[in-house]
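The next block holds one structure in the form of structure tokens; read it before the comments.
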Amino acid sequence: MDPRESPEVLISDGDGLLSMNTLIERSKAVCYIQVIVKDPMTNTDRLRRGSGFYSTVLINQIEYLGIFTNNHVLSNEIEAQQAEVIFDYDKSSYVNEQVKTVSLRPDLIFKTNKDLDYSFIGVQKENIEALHPGVNPIQFKPEPKISGGDEVFILQHPKGRPQEFSHDKIMTVMPPFVLYKADTETGSSGAPVFYKLNLVAIHQKGSEEQQYNKGVLCSEVLSHLNTGKYTKPTAFPIQDSQGEEIDKVSEGDLEELAKEIIPIWRHLGRKLGLDNSRIEEISKDYANLGIREQAFQMLLSWKESSPNPSYGVLGNALIILGKRNLAQRYCHM
């Protein structure tokens, strides 16, 4: 045995061993959020879903309990009142109506900001304790010092699935945001971002073209809550590591395209390579939310399952179906 070796050593700064109990507590505080909203373009109902977490925060020396999520998940008090908030979410339990939904109380407190893309909505402690004993709030305080290369992890409900986590390195910190490589999907918006079990940010969104995800820093949210001030967002001068153009379609474009393909969404799905069983599954799962939502979910399913979900592939499928105008508008063909 090498005399310089010993059975166990600490090679980090001493904080490389983390508490499993704390990790479980953090996980329990994360919730799934969904709300039915009216689409102003089509006047039809749409399902909006996201993630959030139970938290306690000091605002002008007064402690409040509530749920943090994104402004683009719950942007006003009416949406907050109508939202369903579910801890320990399991999709099968929800389908079987065995779910315990927590009511949000925007009448107690409702704070939001579009630039920072956060919302904080009040809840009654007794309501959560009665429905979900053992769920404790995460203290919302300024994040510890973080920098590029540090690893973060995100607890989230991507696409309405039971809780999952992703982890990867921070790319850079550019207040009011932190940019990282950790994976997220639709439905992850509003999820908590942690560094060594410490809350550092609220996940917001990302850029497929520039290959980053981003969250708003806790310190910026706290500054806005207490003073109304925060660092104004700026553009991010980030390029993908290969210096190549990335042709993957964005979910924003798919969401806009969905309203244009209502009459042909099944045909387009087949042209994109989805089999009939998957198309029928989407049709049944989203029957109550209208054809536009079915079309959008079909496009998301293609994007997730295709080895090449590019604008070129999508545009060619549209052209085959006689929709060259849509291919030109959305795929630049």
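Please treat every number below as a calculation from the coordinates, not as lab data. Everything numeric in this text was worked out from a predicted model, so none of it was measured. Note that we place each Cβ from the backbone using ideal geometry, even for glycine, and neighbour counts take in every protein chain shown.
Amide hydrogen proximity for residue 53: with H placed 1.01 Å from N in the peptide plane, the residues at 5 or more positions away or on another chain lying under 5 Å are 31, 68. Convex hull volume of the Cα atoms of segment 86-167, normalised per residue: 155 Å³.
Over all directions, the projected convex hull of the C-alpha atoms in the chain averages 21.2 nm² in area.
Residues considered: 76, 21, 113. Largest GNM mean-square fluctuation over the chain, using C-alpha springs under 10 Å, is found at 21. Remark: for residue pairs 125/159; 145/232; 38/100; 145/169; 114/145; 100/125, the C-alpha separation exceeds 18 Å in 125/159; 145/232; 38/100; 114/145.
Please work out whether segment 20-139 counts as rounded, prolate or oblate from its C-alpha gyration tensor, where a ≥ b ≥ c are the square roots of the eigenvalues and a/c under 1.5 means rounded, while otherwise a/b larger than b/c means prolate and anything else oblate? Oblate shape, in that a/c is at least 1.5 and b/c is the bigger or equal ratio. Springs between Cα atoms under 10 Å define the GNM used for the chain, and in it the highest mean-square fluctuation of 216, 313, 85 occurs at 313.
Taking a ≥ b ≥ c as the square roots of the eigenvalues of the Cα gyration tensor of segment 251-331, is the shape rounded (a/c under 1.5), prolate (a/b larger than b/c) or oblate? It comes out prolate by the Cα gyration axes. Note on the chain: with charges restricted to the Cβ of Lys and Arg (+1) and Asp and Glu (-1), its dipole about the Cα centre is near 880 debye. Taking every DSSP helix (H) stretch of at least 4 residues in the chain, weighting each as -39,500 (n - 2.57) and dividing the sum by the residue count yields a mean residue ellipticity at 222 nm of -8000 deg cm²/dmol. Candidates 258, 326, 300 compared by Cα position along the dipole of segment 251-331: farthest toward the positive end lies 326, with charges placed on Cβ.
Only one residue of 249, 51, 188 has its Cα farthest out toward the positive end of the dipole of the chain, where Lys and Arg carry +1 and Asp and Glu -1 on Cβ, and that residue is 249.
Of all lysines in the structure, those lying under 18 Å Cα to Cα from residue 141, and not within fewer than 8 positions of it along the same chain, are 111, 196, 229. Rounded to the nearest 20 debye, the dipole size of segment 251-331 about its Cα centre is 380 debye, using +1 on the Cβ of Lys and Arg and -1 on the Cβ of Asp and Glu.
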